[in-house]
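The values are calculated or read from the model by the stated rules, or taken from the named source; none is laboratory data. Being a predicted model, the structure only gives us computed values, none of them experimental. In this analysis, Cβ positions are derived from the backbone assuming ideal geometry, glycine residues included, and neighbour counts consider all displayed protein chains.
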């Protein structure tokens, strides 16, 4: 009896402790929020002070943030959205198809592709980044509309590997039954295999989304920077002119770049956390 | 999997005819995005070049220059120190948070949500946010983040810990939840103390999670780039042996900044990239081999 009361006391203490720790954990984000409502000079002078009547500028930073730095925020946001959605869709569809092929067909191409995928997972981006830029330039893959091909190519290794882990566990009998019923490979894939892959599609999709949306170096090197910027490139570009730049407006830009992610997180938190745990098991 | 003749006829043969649809697009993209740049990268590390068209074979001289560069050595030791510190810090904190959150506690799900959140923010944005915070704190002492290499190093450690603890916590929570209640019950019945249960029942059973997390933190530390670039950009820099050395630079950033010095350094940067690749590959393979050995023993 005594033990259980002790336990619940401990549990209360822990709850309070973790509540405080959680609040502390959010301070950096809170910092961005308060500074995005302060005039530039006050961000520099007292970065930790709450906005006062004197320093509060309302939405002015957000309005300025949309346009300043010679590059409108909306353009960068559009390119970021476009590149992320198309790249992830391409990776999910084409890599799951390849993984199914590799799992079902026992041929030299299958084996070669599989081992190349494994190999690509241990190659850091720095190894290929300069030469990838040359290749992308040559093949006109340096625009937001063609760069998804580069993402598909560089991301294929990990994606195929993760899909393979799941496809190998699918019962062959179902596909045989579909074949007996007269399904060709395409129909079997889209009507039978793809629906069964749904949990893996979500896990892989979330990992790829987090990668492409936040990626800085690949689009920075590959894209024609005079014309196209994504959100991370824009933020780094603004930081590059540190000192002359309007910090309040930069904070507003950062806020606008974080909000879509946080909103998405609130809605699909369960899937995100499951996806991370599942992705890690494969290592 | 032993394939029956029936499945070969029914499943394998028809798919094979569809190879151009199922495998060719990905394979082409894979060649463009990985295979060709990789091979060309190896070749160019032995060349002096501005673009691949004007490449001239120079043998091993790029590698010699890379090893003589004090900035590269500095970046290597920085990366090694950074990896050791962040592996220990992130894994210990993440494990204990995960352990606490899997006990009976009100609000555990909310706390988990909060701790994971920094992961969703990109490295460049994180670097910007933390440079503002560190500069704001250091200003009270009349100094700033890039005044001194120690500030930059520990600043990066704090930033990365804040970002990755939540991620590793999720993996540890999954591992801890997989331990069967029966086993813990048995330990309790046998009169194990809390400490004995932790070290002799719980930790051995989450070993797979620990290996995964140390592997991830190790490779993440070695490949760290965005956060390094956005937080300090390698600053401050000093002149050492007649070469510029960026004190807080890690390996990935050093490769990048070497390339940007001027075109006579392109080959050296590519040679450094090859050395970097070999280093990362050896670390990854030896870690995986160690894991496999452990799994065989179990």
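Each row is one residue, and each column tells you yes or no for (1) outside any helix (DSSP H, G or I); (2) surrounded by 13 or more Cβ atoms within 10 Å (Cβ to Cβ); (3) within 9 Å of chain A (Cβ to nearest Cβ).
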residue	(1), (2), (3)
B:16	no, yes, yes
B:35	no, yes, yes
B:50	yes, no, no
B:90	no, yes, no
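Which residues, taken from region A:120-135, are at pLDDT 90 or above, more than 7 Å from chain B (Cβ to nearest Cβ) and surrounded by fewer than 22 Cβ atoms within 10 Å (Cβ to Cβ)?
A:125, A:133
Of the residues that sit in region B:37-48 and are within 12 Å of another protein chain (Cβ to nearest Cβ) and touching a residue at least 40 places away in the same chain (Cβ under 8 Å), which one is nearest to residue A:130 (Cα to Cα)?
Taking the candidates together, the pick is B:41.
What number of residues within region A:88-105 satisfy the criterion of being facing another protein chain (nearest Cβ under 7 Å) and modelled with pLDDT under 90?
2
Restricted to region B:232-249, and to residues that are surrounded by 19 or more Cβ atoms within 10 Å (Cβ to Cβ) and more than 11 Å from every other protein chain (Cβ to nearest Cβ), which residue is farthest from residue B:155 (Cα to Cα)?
This residue is B:245.
Here is a list of conditions, (1) in a helix (DSSP H, G or I); (2) closer than 23 Å to residue B:128 by Cα; (3) more than 11 Å from every other protein chain (Cβ to nearest Cβ), and residue B:229 meets all of them except one; can you say which number that is?
The number of the failed condition is (3).
Only one of these conditions is not met by residue B:176: (1) under 30 Å from residue A:213 (Cα atoms); (2) in contact (Cβ under 8 Å) with a residue 40 or more places away in the chain. Which number is it?
(1)
Those residues that are part of a loop (DSSP other than H, G, I, E, B), surrounded by fewer than 16 Cβ atoms within 10 Å (Cβ to Cβ) and facing chain B (nearest Cβ under 10 Å), I need them from region A:172-222; list them, please.
Residue satisfying the conditions is A:184 alone.
Would you be able to tell me the number of residues in region B:189-213 that are within 14 Å of chain A (Cβ to nearest Cβ) and surrounded by fewer than 13 Cβ atoms within 10 Å (Cβ to Cβ)?
Count: 3.
For residue A:162, all conditions in the list (1) crowded, with 20+ Cβ neighbours inside 10 Å; (2) within 13 Å of chain B (Cβ to nearest Cβ); (3) more than 30 Å from residue A:255 (Cβ to Cβ) hold save one; what is the number of the exception?
(2)
Could you please find all residues in region A:223-237 being at pLDDT 85 or above and in a helix (DSSP H, G or I)?
Correct list: A:231, A:232, A:233, A:234.
Out of B:75, B:80, B:94, B:66, report the one residue that is away from chain A (no Cβ under 14 Å) and either crowded, with 22+ Cβ neighbours inside 10 Å or at pLDDT 90 or above (or both).
None of the other options fit; the residue is B:80.
Hey, can you tell me all the residues within region A:70-85 that are touching a residue at least 12 places away in the same chain (Cβ under 8 Å) and more than 13 Å from chain B (Cβ to nearest Cβ)?
Those that are touching a residue at least 12 places away in the same chain (Cβ under 8 Å) and more than 13 Å from chain B (Cβ to nearest Cβ): A:71, A:73, A:75, A:77, A:79, A:82, A:83.
So which residues in region A:238-283 are more than 9 Å from chain B (Cβ to nearest Cβ), modelled with pLDDT of 80 or more, over 30 Å from residue B:210 (Cα atoms) and touching a helix residue (DSSP H, G or I) at 6+ places or on another chain (Cβ under 9 Å)?
Correct list: A:248, A:249, A:252, A:253, A:255, A:256, A:260.
Of all helices (runs of 4 or more DSSP H) completely enclosed by region A:6-123, which ones contain at least 2 residues that are over 30 Å from residue B:14 (Cβ atoms)?
A:40-45, A:60-67, A:73-104
Among the residues of region A:92-112, are any assigned by TED's automatic domain parsing to the domain that holds residue A:222, without any contact (Cβ under 8 Å) to a residue 40 or more places away in the chain and within 30 Å of residue B:46 (Cα to Cα)?
Yes.
For residue B:107, indicate whether it is out of contact with any helix residue (DSSP H, G or I) (no Cβ under 8 Å at 6 or more places or on another chain) and at positive phi.
no
Go through region A:176-195 and give me each residue that's free of Cβ contacts under 8 Å to residues at least 40 places away in the same chain and touching a helix residue (DSSP H, G or I) at 6+ places or on another chain (Cβ under 8 Å).
A:176, A:178, A:179, A:180, A:183, A:184, A:185, A:186, A:187, A:188, A:191, A:192
Say whether the condition of being over 19 Å from residue B:23 (Cα atoms), in the same structural domain as residue A:113 (by TED's automatic domain parsing) and part of a helix (DSSP H, G or I) is met by at least one residue in region A:156-170.
no
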